[in-house]
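Below: the structure, in structure tokens.
The values are calculated or read from the model by the stated rules, or taken from the named source; none is laboratory data. What you are looking at is a predicted structure, and each value in this text was computed from that prediction instead of being measured. So basically every Cβ, Gly included, is an ideal-geometry build from the backbone, and we count neighbours across all protein chains shown.
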Amino acid sequence: MKLVLFLLIVVNTFTYGQSISYNFDTNNLNTDYHEALSVLEDYLNSNPQNQEKNTYWNTAVQQENITFDFLENEFEPSLYMGYPIHILSIKKKENHYTIKVQFSYCNPDNSPNILAIVNYVVIEQNGTFKLYNALTINRKKWDCTTVGFVDFYYPKSHKFNHEKALKLNEFIISTCKNFNVTPNTIEYYLDEDFDNIQQLKGIDYYLGMNGDNTPKGKASGNKVYCGGLGEYYTHEVFHALIDHNYTNSHFWASEGIATFLCGSRGQSLSWHITQANTYFKLHKDIDLNEILTLKNIDNITSYHYVIGGLIAKKIFEKGGWKLLSQFLNSGKTNTDYYKAINTYLGIKKENLNIYLRQQLDIEANI
Ligand SMILES: [Zn+2]
């Protein structure tokens, strides 16, 4: 450990721009390496959090995706939220350059605080250097099977389950019908371990990587990344189908409906309700009138899943798909969300604590 620390201290660190430094001496690199690095540097200095038309990225990915840099929205509000950028290495294979980058700062006690270590790909074609997502390159090593609306990407070791793939397509058709939207095609990346999908995207490390291997997923545009539930991870597919059609929706409304219909983290809504009911009986001080200020009960159950899901269930029981669709379209702000609960369930914000505890207890004992 001492040796590693010593090396880190003596390694030449070169600073370019405002917050980009290097963990190696760039003076010894050939001109083409410098070209590849400067394309990345220029991109990182171009306010990448805005994802505006960008000269440093290949045009195809920009035409097909609003967020063309698939790493940008890995974090809230953005990977590019101001962490100092440290370039760790550059490796060349044929005309591909893979650049490994660390986003981190030092805590006051000098310990490193690392947000992520990610890989960018620069490809040189006819003397022009452009950035590509690592996912686009890495997925060539995986298999791909198209079933209905879905391109399934999975490692060669995985035995593709056609039945589950067909079932997912049935879910897509019925969900789109219920919410009155047109189904779109989906890129679906699956593996037993979510972190293998993160690797495929070019992410070596991300803050929050800890924990057991419970099912985990993420949706971004028409892409879903699903660890642990094979070909049938409907929660993320719900987001990829519905969210862009209901842009006037509150985060809790979307998460709640997704959990009501599909469960979350591999567990059904009723499972989360049983967990939460036990928890709230032990924590009578938690004020559910202020639900939107609450985050996680534990590493599987979050408030927006279990309480959001319960509220969605109650609205569905009252007015079916029509009322649930209206609820999903009832505004983005916290005031809008509380107002919608009052409109559709007749419960004022100041009565939520009593109402939600009663309903949780009823649902947990059905
Ligand atoms: Zn979700």
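From ILE311, ILE291, ILE307, ILE341, which residue is assigned to a helix (DSSP H, G or I), under 30 Å from GLY228 (Cα atoms) and away from the ligand (no atom under 16 Å from the Cβ)?
Residue meeting the stated conditions: ILE291.
For MET81, only one of the following conditions fails: (1) touching a residue at least 12 places away in the same chain (Cβ under 8 Å); (2) in a strand (DSSP E or B); (3) exposed (fewer than 13 other Cβ atoms within 10 Å of the Cβ). What is its number?
Evaluating MET81 over (1) touching a residue at least 12 places away in the same chain (Cβ under 8 Å); (2) in a strand (DSSP E or B); (3) exposed (fewer than 13 other Cβ atoms within 10 Å of the Cβ) leaves (2) as the failure.
Condition check: surrounded by 17 or more Cβ atoms within 10 Å (Cβ to Cβ) and in a helix (DSSP H, G or I). Does ALA219 satisfy that?
no
Kindly establish whether SER330 is buried (at least 18 other Cβ atoms within 10 Å of the Cβ) and not in a helix (DSSP H, G or I).
Yes.
Within the stretch 130-157, count every residue that is over 26 Å from ASN73 (Cβ atoms) and of a type outside the set (A, V, I, L, M, F, W, C).
Summing the residues that are over 26 Å from ASN73 (Cβ atoms) and of a type outside the set (A, V, I, L, M, F, W, C) in the stretch 130-157 gives 5.
Being within 11 Å of the ligand (Cβ to nearest atom) and either at pLDDT 95 or above or closer than 20 Å to PHE171 by Cα (or both) is the requirement here; does ILE257 meet it?
yes
Out of the residues in the stretch 271-285 that are crowded, with 16+ Cβ neighbours inside 10 Å and not aromatic (Phe, Trp, Tyr), which is farthest from the ligand (Cβ to nearest atom)?
Going residue by residue through the stretch 271-285, those that are crowded, with 16+ Cβ neighbours inside 10 Å are 271-277, 280.
From the residues that got through so far, the ones that are not aromatic (Phe, Trp, Tyr) too are 272-277.
Working: HIS272: 13, ILE273: 17, THR274: 20, GLN275: 17, ALA276: 17, ASN277: 21 Å.
Here the answer is ASN277.
How about the stretch 235-250: which of its residues are closer than 18 Å to LYS313 by Cβ, assigned to a helix (DSSP H, G or I) and more than 9 Å from the ligand (Cβ to nearest atom)?
Correct list: ILE242 only.
Taking the stated definitions as given, is ASP298 of a type in the set (Asp, Glu) and either in contact (Cβ under 8 Å) with a residue 40 or more places away in the chain or within 16 Å of the ligand (Cβ to nearest atom) (or both)?
Spelling it out, it is not the case that ASP298 is of a type in the set (Asp, Glu) and either in contact (Cβ under 8 Å) with a residue 40 or more places away in the chain or within 16 Å of the ligand (Cβ to nearest atom) (or both).
Of all the strands (runs of 3 or more DSSP E) wholly in the stretch 96-170, which have at least 3 residues that are hydrophobic (A, V, I, L, M, F, W, C)?
Passing ranges, in order: 96-106, 112-125.
Can you pull out every residue in the stretch 99-127 that is surrounded by fewer than 20 Cβ atoms within 10 Å (Cβ to Cβ), free of Cβ contacts under 8 Å to residues at least 40 places away in the same chain and under 19 Å from ASN45 (Cα atoms)?
Across the stretch 99-127, the qualifying residues are SER104, TYR105.
Out of all the residues in the stretch 106-122, which are within 26 Å of the chain's Cα centre (by Cα) and more than 20 Å from TYR205 (Cβ to Cβ)?
Correct list: VAL122 only.
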